[in-house]
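Notes follow once the structure below has been shown.
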Amino acid sequence: MYSTPLYRPPSEARSLIIQVTEGCSHNKCRFCYMYKCKQFRIKSKEEIIEHINWLKQYDKNPERIFLADGNVLCLKTEKILDLLNYIKTEFPAAKRISSYSGPLDILRKSDEELRAIRKAGIELLYMGVESGSDNILALMLKGVNQAQMIEAGQKAIRAGFKLSCMIISGLGGTEYMHEHAVESAKVISAINPHYFSLLRLVVEEESELADDIKEGKLHLLTPLEVLDENIIMLENMELNNCIFRANHVSNHVNQAGTLNQDKDILVAKLKKLRDSGDFIPMEYDTL
Ligand code: SF4
């Protein structure tokens, strides 16, 4: 049985999802509604064993495993190592184990602890950077500033993890549009993750951000402004062999490439679309 709602990155669509925690230990980000209905808790080993036995009915030999819910790295290191040993015994064919990870959880672990977790089996971490702007990170209650975000990302890579970072287009509204683009490019460039995904802000009625917008504290970008923001962000990126995707259901324009190699082509395509006069996105977000 899973506790719902259950989330996983799009690239984990074929992975077996093992639910180790329920909810998010931070659970404060104003734009995020994912786990607002869940009280965060860490499952006991007995519960996880029972859960894995149940999962085996459906998939006995997964090659990819995703550990849910939010930030499994907030568990004590010994518990993570013990869990990974158990998972590898039960699923010997697993070639890749991955998890979401909050920047604070990475920062709280020592380099040695992170290396041990990597060696024990977690290969890929997904870290929501959301924005590189100190102002936006503070407004959204992300819990870290720009310098901490960069340190967390670099620390994960130093420990040997593959890292996937996400930025949310439009998160700073019209108020911080330029700052969001430039500072996010700065943070992603400083981290140089293996994967970089660009999503687009979709405001859910249940989120606290919806209240900010209704109160006029933040104004949503138009689709054309999102395009402009994407262009500025890409133009400011300095990356080495980073796989870039903007193919989430929230994106108005699908993009894929490797940065910086494909930067000029991607920017030229976005500019052509922006200047064409016939850019008609499928939806326009208003509250
Ligand atoms: S964005 Fe991530 S860290 Fe923030 S509340 Fe949502 S799941 Fe938790």
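Residue by residue, here is whether (1) touching a residue at least 60 places away in the same chain (Cβ under 8 Å); (2) within 13 Å of the ligand (Cβ to nearest atom) holds:
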residue: Pro92; (1), (2): no, no
residue: Lys95; (1), (2): no, no
residue: Pro103; (1), (2): no, yes
residue: Ser110; (1), (2): no, no
residue: Leu114; (1), (2): no, no
residue: Ile117; (1), (2): no, no
residue: Ile122; (1), (2): no, no
residue: Lys142; (1), (2): yes, yes
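Just checking, does the range 116-124 include any residue being at pLDDT 95 or above, touching a strand residue (DSSP E or B) at 6+ places or on another chain (Cβ under 8 Å), of a type outside the set (A, V, I, L, M, F, W, C) and within 24 Å of Thr77 (Cβ to Cβ)?
There is at least one residue in the range 116-124 that is at pLDDT 95 or above, touching a strand residue (DSSP E or B) at 6+ places or on another chain (Cβ under 8 Å), of a type outside the set (A, V, I, L, M, F, W, C) and within 24 Å of Thr77 (Cβ to Cβ).
Taking only the range 142-195 into account, find how many residues are more than 23 Å from Ser11 (Cβ to Cβ), among the polar types (S, T, N, Q) and touching an Asp or Glu at 6+ places or on another chain (Cβ under 8 Å).
3
Return only the number of the condition from (1) at pLDDT 95 or above; (2) small (Gly, Ala, Ser); (3) within 25 Å of Phe31 (Cα to Cα) that Ser207 does not satisfy.
Ser207 satisfies every listed condition except (1).
Taking the condition of being more than 13 Å from the chain's Cα centre (by Cα) and hydrophobic (A, V, I, L, M, F, W, C), how many residues in the range 119-145 meet it?
9
How many of the residues in the range 247-273 are assigned to a helix (DSSP H, G or I) and surrounded by fewer than 17 Cβ atoms within 10 Å (Cβ to Cβ)?
Residues in the range 247-273 being assigned to a helix (DSSP H, G or I) and surrounded by fewer than 17 Cβ atoms within 10 Å (Cβ to Cβ): 7 in total.
I need a count of the residues in the range 234-287 that are of a type in the set (A, V, I, L, M, F, W, C) and at pLDDT below 90.
Of the residues in the range 234-287, 5 are of a type in the set (A, V, I, L, M, F, W, C) and at pLDDT below 90.
Quick one: which residue in Ile150, Ile157, Ile117 is closer than 28 Å to Val226 by Cβ and β-branched (Val, Ile, Thr)?
None of the other options fit; the residue is Ile150.
Only one residue in His51, His26 is closer than 30 Å to Val203 by Cα and touching a residue at least 24 places away in the same chain (Cβ under 8 Å). Which one?
His26
Can you tell me which residues in the range 54-80 are loosely packed, with under 13 Cβ neighbours inside 10 Å and at pLDDT 95 or above?
If the condition is that a residue be loosely packed, with under 13 Cβ neighbours inside 10 Å and at pLDDT 95 or above, then Trp54, Lys76, Glu78 are the ones that fit.
Where residues in the range 33-80 are touching a Phe, Trp or Tyr at 6+ places or on another chain (Cβ under 9 Å) and basic (Lys, Arg), which of them is nearest to the ligand (Cβ to nearest atom)?
Taking the candidates together, the pick is Lys45.
The conditions are (1) hydroxyl-bearing (Ser, Thr, Tyr); (2) farther than 30 Å from Leu201 by Cβ; (3) free of Cβ contacts under 8 Å to residues at least 12 places away in the same chain, and Tyr86 fails exactly one of them. Which is it?
(3)
Looking only at residues in the range 13-29 that are on the phi < 0 side of the Ramachandran plot and surrounded by fewer than 17 Cβ atoms within 10 Å (Cβ to Cβ), which one is farthest from the ligand (Cβ to nearest atom)?
Here the residue is Arg14.
If you take just the helices (runs of 4 or more DSSP H) that sit entirely in the range 29-132, which of them hold at least 2 residues that are touching an Asp or Glu at 6+ places or on another chain (Cβ under 9 Å)?
45-55, 77-90, 103-108
Consider the range 106-118. How many of its residues are within 19 Å of the chain's Cα centre (by Cα) and of a type outside the set (D, E, K, R)?
The total comes to 3.
The values are calculated or read from the model by the stated rules, or taken from the named source; none is laboratory data. This one's a predicted model, so the numbers in the text were calculated from it and none came from an experiment. As a convention, Cβ positions derive from the backbone with ideal geometry for all residues, glycine included, and neighbour counts pool all protein chains shown.
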